[in-house]
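Trainee: Encoded as structure tokens, here's the structure I'll be asking about.
The values are calculated or read from the model by the stated rules, or taken from the named source; none is laboratory data. The structure presented is a predicted model; accordingly, all values stated were derived computationally and were not measured. No Cβ is skipped: glycine too gets one built from the backbone with ideal geometry, and neighbour counts run over all protein chains shown.
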Amino acid sequence: MTARAEGQGGARHVLGISAFYHDSAACLVRDGRLVAASQEERFSRVRFDASFPLRAIQSCLEIAGIQANQLDAVAFYEKPLLRFDRAIAQFVHVWPRGRRSFVDTASSWMSERLRLDGILRQELGYRGPIYFGAHHESHAASAFYPSPFEEAAIITVDGVGEWTTNTIGHGRDQTFSLLEEVRFPHSLGLLYAAVTEYLGFEILSDEYKVMGLAPFGEPRLAAAIRDQLIDLRDDGSYRLDLSYFRYVEGEHSVDVRRFEQLFGGPVRRSDEPLGERHADVAASLQLVLEEALLAQARHAHARTGSKNLVMAGGVALNCVANGRILREGPFEQIWIQPAAGDSGGAVGAALLATHRVLGGHRAVAADDGMQGALLGPSYERAEADKAVAEAGLVSTPFADDLLDQEVARRLSRGEVVGWFQGRMEFGPRALGSRSILADPRPAAAQQRVNERIKFREGFRPFGPAVLAERTRDWFELDAESPYMLLVAPVAAARRLPPDPAAGERRGLGRLGAPVSTIPAVTHVDGSARIQTADERRNPRFFRLLTAFERETGCPVVLNTSFNLRGEPIVCTPADAIRTFLASEMEALVLGSLLVDRPAGPPRPLPPPPARPLTRAETSRFGRDFSLVFLLLTAFLAYRRSEFALPAGVVAALFVLVTALFPASFAPFVRAWRPLGQKVSRALGAVLLGGVHLLVVGFVALLRGRKKPPWPVISRGRAEGYWEPWEAPRGGPDRMY
């Protein structure tokens, strides 16, 4: 892996971390400028990995060319104790329900969230200051500070942070402030997640599938959602009717019976085919979300008077809603953080610490401060050569211009090409460094890439990457969209008249009449999720698109992430080769190397490599076994056995050897870990179940059946539901 160290001098380095919920990540900020950022899933090969992002941190430090002891600060993306306060309030309110969720939550808190300082010291040897930004302040910082605006309105919207789910704010120059908020359990993100669960998809990961399903349906149920699920006000504020939901209890998102009555059918099983009713539910939910975000945009504009808008939070990844805000909202320009979800919280936390605590200076970049999101590691030619050789493949080296020409020719012939170049993208989108590419003009390309390359649902859309200067010729978009976060209609000149014989709409995953001249990247409603490629952010990808336009006259390629269903985007050349061989791609480009597909069927994707053991896991192994032998020694000594002394010696040796030579015990640790985890979970379930029954129950009985610790729906209320932003009580160095 290439470490791109820069001259450090008196530079100040801040490490940002998000972890322990989903999509853990790390970033490194030097004097207010992003140097590196990566998600842990790319290294562990576990999708949405929530564990402590040790390998992502190590990658960021290597890219920056520094050691952990050279960091000036570490920043975490939320206030753990404030979040814990909310969790306890939930469990007290719903007791005696929620036991299983309490056990899982309390286990996580005791083993991870409340031990962040100890984990940093143990894994990195870091002993400097640790700062904590409130969850939505981290989102707001990740949107405002890297944006190309000196002044902007801010909207953050997601499932839930500590207590906050949605904010309106305003930033200018070096600072920003949050002005208003909506608080848990009222949440657009949790509403979207609940319907995602009803439709048979995974929450916290598959919400984008609901957005992709929506154009196949009609919003016939939007009125029912407005009448029954959400009280949405003109200013974009809202409250939910909690009798339809179960996420407060932590077990599931929905009350199954009430949702089935509302939507006129049973909850969909994950293996059940999608039908018209499911598409109508998705379309209805999507429309209500768009209405809410449009209303919030108008309210933010009225409150701040700004002509610019920045957005972050998981819901800000809804590019259909973003497109409507750009077209129909009051702002002249909008900018969305490309890693808008929790991974981007690491960026926000680092920038918060830089500007609020260390007194950093904000330099506004003409494009933006995310540098095309190309913030991950890159790999040298030697590493690509090694991966090709180990896989038993043959590669052909090319000069850059000749490689572009060759790939453009192959794409024009209908081949699908894996494209691996330069630094890895940060965030959920592949933007031309870890991409699968195809010609967007054949209608069959969309179905083929879905079903035979990515092995996913046939209805899923693909995004077009278009040369930035040619955007208006192909799409009705008068703005840059470098991060594939805006949806816009295909230009009228590129649309096709409907074919009555074939039908105006494609069925779910089935080919019908093309709706444009680039049907593989055009959704059934004539829209597309657009990436504009420019030479500043990704010159390598820009040159490939230029070569494809020379070859075909079309400046657009189908661009989708380089991964198969259920796995993260590839990180290393070896990851790219494993994924290439497990699919039906015809060719793979690794830097300057072109690899052709070998004969034979796709090879099954091998399991991810074993995760390296952390120091904490090794020391825990030594502690556990030392305790076993110490207990055995005490028992034997009590029985006056001659084996007492040998058992004590073994216990002492375990402590000494595991401390001095932890790597030598790796095989034993790996063998013990599954059993140890099962024993630990079983004991924890018993102990924490007792705590839930006795302690939480005692508090719940003392509290009585008073009103819940959050606002309830009030449909007769005249004004909106925005509340003044409630800043955390503790300072930036406090966990609450």
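Trainee: Note down all Cβ pairs under 9 Å where the first residue falls in the stretch 695-716 and is under 24 Å from VAL160 (Cα atoms) and among the aromatic types (Phe, Trp, Tyr), the second is at pLDDT 80 or above and part of a loop (DSSP other than H, G, I, E, B), and they're at least six residues apart or on different chains.
Mentor: Filtered contacts from the stretch 695-716: TRP710/TRP163; TRP710/PHE184; TRP710/PRO185; TRP710/HIS186; TRP710/VAL248.
Yes/no matrix, rows are residues, columns are (1) more than 30 Å from ARG226 (Cα to Cα); (2) modelled with pLDDT under 70; (3) not in a helix (DSSP H, G or I):
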| residue | (1), (2), (3) |
| --- | --- |
| ARG670 | yes, yes, no |
| GLY690 | yes, no, no |
| LYS707 | no, no, yes |
| GLU719 | no, no, yes |
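Trainee: Determine whether the stretch 533-541 contains at least one residue that is modelled with pLDDT of 95 or more, more than 24 Å from PRO601 (Cα to Cα), in contact with a strand residue (DSSP E or B) (Cβ under 8 Å, 6 or more places away or on another chain) and not in a loop (DSSP other than H, G, I, E, B).
Mentor: Taking every residue of the stretch 533-541 in turn, at least one turns out to be modelled with pLDDT of 95 or more, more than 24 Å from PRO601 (Cα to Cα), in contact with a strand residue (DSSP E or B) (Cβ under 8 Å, 6 or more places away or on another chain) and not in a loop (DSSP other than H, G, I, E, B).
Trainee: Looking at the stretch 237-356, what helices (runs of 4 or more DSSP H) fall wholly within it and have at least 3 residues that are surrounded by fewer than 24 Cβ atoms within 10 Å (Cβ to Cβ)?
Mentor: 256-263, 276-304, 319-328
Trainee: So, one more: Regarding VAL195, is this residue outside any strand (DSSP E or B) and not acidic (Asp, Glu)?
Mentor: yes
Trainee: Where in the stretch 368-463 are there helices (runs of 4 or more DSSP H), lying wholly inside it, with at least 1 residues that are modelled with pLDDT of 95 or more and closer than 15 Å to ASP575 by Cα?
Mentor: Because the criterion is at least 1 residues that are modelled with pLDDT of 95 or more and closer than 15 Å to ASP575 by Cα, the helices (runs of 4 or more DSSP H) in the stretch 368-463 that meet it are 381-390.
Trainee: Follow-up question, since we're still on this one. Would you pick out the residues in the stretch 715-736 that are more than 26 Å from PRO80 (Cα to Cα), small (Gly, Ala, Ser) and surrounded by 11 or more Cβ atoms within 10 Å (Cβ to Cβ)?
Mentor: Passing the criteria: only GLY720.
Trainee: Of the conditions (1) under 20 Å from the mean Cα position of the chain (by Cα); (2) within 20 Å of ARG717 (Cβ to Cβ); (3) among the aromatic types (Phe, Trp, Tyr), PHE184 fails just one. Which one is it?
Mentor: (1)
Trainee: Something else about it: For the stretch 123-161, which positions are charged (D, E, K, R) and crowded, with 24+ Cβ neighbours inside 10 Å?
Mentor: Within the stretch 123-161, the first condition is being charged (D, E, K, R), and the residues that meet it are 123, 127, 137, 150-151, 158.
Listed by number, the residues that qualify are GLU137, ASP158.
Trainee: Within the stretch 600-610, is there a residue that is modelled with pLDDT under 75 and outside any loop (DSSP other than H, G, I, E, B)?
Mentor: no
Trainee: Suppose we filter GLU62, GLU40 for residues that are at pLDDT 95 or above, buried (at least 19 other Cβ atoms within 10 Å of the Cβ) and charged (D, E, K, R); which single one remains?
Mentor: Matching residue, one of GLU62, GLU40: GLU40.
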